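Worksheet: one structure, shown below.
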Amino acid sequence: MNSVPPQQRRAWPEKLAVRIPYVWLLVFFVLPLAMLLRISLSQPARAQPPYAPVFDLTAGWHGITTFFDGLSLDNYRLLGSDPLYLVALLKSVQIAAFATLLLLLIGYPIAYGITRMPRRARAVLIALVMVPLWTAPLIRTYAWMSILRPDGSLNWLLLTLHIVATPPLWLTTDAAIYIGIVYSHLPLMVLPLYATLQKIDERLIEAAADLGCPRWRIFWQVTLPLSAPGVLAGALLCFIPAVGEFIVPDLLGSLQTPMIGQIIWNAFFANVDWPAAAAVAAALFAFLVAPLAIFLHQTMRAVERAR
Amino acid sequence: MHARETTRHIAPWTDAHARPLLRIEDLSKRFGAAIAVDRLSLDVHEGEFFALLGPSGCGKTVLLRSVAGFEHPDTGRVLLDGVDLAAVPPYRRPLNMMFQSYALFPHLDVEANVGFGLKQDGLPKRDIAERVADMLAMVKLEGLGRRKPHELSGDQQLRVALARTLVKRPRVLLLDEPLAALDRKLRDQACFELMELKRRLNLTVVIATQDQSGAMIVGDRVGVMDRGGLMQVATPAKIYEQPNSRFVADFVGEVNLLEGRVGDDGFSVEATAAGRLRVAAKIDAVPGATVFAAVRPEKLRIHREPPSPPPDNCADGIIIDIGYLGDLTIYKLRLADGTTIKATVTNAGRIAAHTIGRDERVWVSFAPEAAVVLTR
């Protein structure tokens, strides 16, 4: 029966429950984003808050006009004129992209391997994959600092096993940044991959074998294409936060060529230039995060329809 | 036309020297403590349509999967053309299986699904396209080649799955519950189309199903399975008219089972709920042994008056339920000792016999030839 669902007759608690996600998005996403945009259009000031103009309702209509007159795009012009920002952005994208590739190469076999395990082992292994998420990012990065120190455990291991003759330098190199990012983002790659891989109907694999496809070719022709949504979700879940990564490059990388996250951090806390920091953040969001999020949303919708 | 037109009338399984195309020998498969297939042997001949019929969990799917190579039997062998398949992986076996719920590749369109197997064989693209087009025409899916599986109806998906296996020209086609997802009308239609395809392509087919009418329509022979073993293997008519056990009689169609003892003459069953019953064939059991007389409901005659002279097998009872199906009417009646039996009457004339009402006292009778005596 194709009767009309009784949407009009929903009681108010149900209506409220349906709207909670939107309220959440409004309060914790749209409003902060609006505040960020508003600060990015201001000028730094030695005051509390450290930017001007301030919206002053007590001054009436005059207050409102002064506020809007005080807003400008100066900070965005600064972003265009100083190559520091573009260099930092390109470096961030490059590091995030390569780290995402590494994450895929490491995370896919892990996720695939877990789906091949007996059911009970799978739950345990997935929990183990998530363990790094349960420690604070700062603490796990400090742990990596001690491992990667010139006299740290990694070099001790390499020297003991005679893999290297002289201890290589890890800290302040991009390699250290990759290690830190890959380590901390691995759960975000493995989980969506695992979720899509374990949903793949085993009979599709068998059907492919039945039609003359050997095991390794089944992977390329059936398993991999069917796990594409997981690859995409994992890649974006890792890539987007990796672009804005701050702790890892700050503690493990070099200060000569900062990533965009460090630029924002410095502008906020070292220079107390909130408007400049807000402008960088807003630009990053506009050029990178928003298009990717929309792309992901569209793709997921298409995938859902295809099921 | 060709000789193949008459294959239906040739019965290779009756020829002791005929070499079967597919031979299953003493095959067993356990999963932990559960026995899925229990020392089963079966020969399927070239051009035969063999139906494995049984309730869910009887082991028919495991049997098919063993033939396809997805299960490794604990004992026994599968031979194709006399060659043991044990060492042959599924992707090298020259037979194809159609899975229940079809297992179509959701990321590929109809053409790519159908061409999948040919691509694996490394055929040139043009040959693949040609054979795929031919096959789509054969299963009446022209013009739908670019659709994705989720854009198709259930019977269209079935056709794609069929085309995908048939395009490989399998030596044996294995069908696992191919019709379960279809509603009844489509199911019967699909059965007839399957038979038509089988004739045109001269296929050898093994179908596993729990749908008895489907099995009876398509099967040259039907093998009734229960708990991992074959209970009876015979033509559909023989399965229905001469079941060899209560299980087969009950699983295939409706049946009234009347328990009793073999009479001294060997031609009667005594002390049943319907009294002493006379049967046409000599009973294969010693006098006094417990047996079951099986009578199909449509073989019972209903009388509103006591028939005179009293026929051989006659009992009276009270009508307790009437089911009017249009083409026929089912009467349930209770005999004197409380046993319920079923009788069906074909509604051939417009004024059907359903003038018989509930709670009415009636007499039922059947000819001695109508009953089969079962010893197990």
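The values are calculated or read from the model by the stated rules, or taken from the named source; none is laboratory data. Just so we're clear, the structure is a prediction, and the values are computed from it rather than from any experiment. FYI the Cβ positions are ideal-geometry reconstructions off the backbone, even for glycines, and counts take in every protein chain you see.
Enumerate the helices (runs of 4 or more DSSP H) found wholly within segment B:70-187, keeping only those where 3 or more residues are surrounded by fewer than 20 Cβ atoms within 10 Å (Cβ to Cβ), more than 14 Å from chain A (Cβ to nearest Cβ) and without any contact (Cβ under 8 Å) to a residue 12 or more places away in the chain.
Passing ranges, in order: B:125-138.
Identify all residues within segment B:343-361 that are within 16 Å of B:Lys299 (Cβ to Cβ), surrounded by 13 or more Cβ atoms within 10 Å (Cβ to Cβ) and at pLDDT 85 or above; write none if there are none.
Across segment B:343-361, the qualifying residues are B:Ala343, B:Thr344, B:Val345.
Could you list, in sequence order, the residues of segment A:248-284 that are small (Gly, Ala, Ser) and either closer than 23 Å to A:Phe29 by Cα or buried (at least 17 other Cβ atoms within 10 Å of the Cβ) (or both)?
Result: A:Gly253, A:Gly261, A:Ala267, A:Ala276, A:Ala277, A:Ala278, A:Ala279, A:Ala281, A:Ala282, A:Ala283.
This table checks each residue for (1) farther than 21 Å from A:Arg217 by Cβ; (2) not hydrophobic (A, V, I, L, M, F, W, C).
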position: B:Pro106; (1), (2): no, yes
position: B:Met138; (1), (2): yes, no
position: B:Leu141; (1), (2): yes, no
position: B:Asp155; (1), (2): yes, yes
position: B:Ala161; (1), (2): no, no
position: B:Glu177; (1), (2): yes, yes
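Among the residues of segment B:317-342, count how many are surrounded by 15 or more Cβ atoms within 10 Å (Cβ to Cβ) and under 14 Å from B:Val362 (Cβ atoms).
Adding up the residues that qualify gives 12.
Might you check whether a residue that is modelled with pLDDT of 85 or more, assigned by TED's automatic domain parsing to the domain that holds B:Asp359 and of a type in the set (Val, Ile, Thr) occurs anywhere in segment B:273-280?
No; the residues of segment B:273-280 include none that is modelled with pLDDT of 85 or more, assigned by TED's automatic domain parsing to the domain that holds B:Asp359 and of a type in the set (Val, Ile, Thr).
Among the residues of segment A:279-298, write down those that are under 18 Å from the mean Cα position of the chain (by Cα) and closer than 15 Å to A:Leu79 by Cβ.
A:Val280, A:Ala281, A:Ala282, A:Ala283, A:Leu284, A:Phe285, A:Ala286, A:Phe287, A:Leu288, listed by residue number.
So for segment A:111-120 (the condition being over 30 Å from the mean Cα position of the chain (by Cα), part of a loop (DSSP other than H, G, I, E, B) and farther than 19 Å from A:Pro187 by Cβ), does at least one residue qualify?
Yes, the conditions are met somewhere in segment A:111-120.
Condition test on A:Pro21, is it out of contact with any Ser or Thr (no Cβ under 6 Å at 6 or more places or on another chain) and within 30 Å of A:Leu193 (Cβ to Cβ)?
Criteria met by A:Pro21.
Hey, can you tell me all the residues within segment A:51-84 that are touching a residue at least 60 places away in the same chain (Cβ under 8 Å) and not in a helix (DSSP H, G or I)?
Scanning segment A:51-84 gives a single hit, A:Tyr51.
Among the listed residues A:Leu288, A:Leu193, which satisfies the condition of being crowded, with 18+ Cβ neighbours inside 10 Å, modelled with pLDDT of 90 or more and part of a helix (DSSP H, G or I)?
A:Leu193
Restricted to segment A:46-86, and to residues that are among the hydroxyl-bearing types (Ser, Thr, Tyr) and loosely packed, with under 12 Cβ neighbours inside 10 Å, which residue is farthest from the chain's Cα centre (by Cα)?
The selected residue is A:Thr58.
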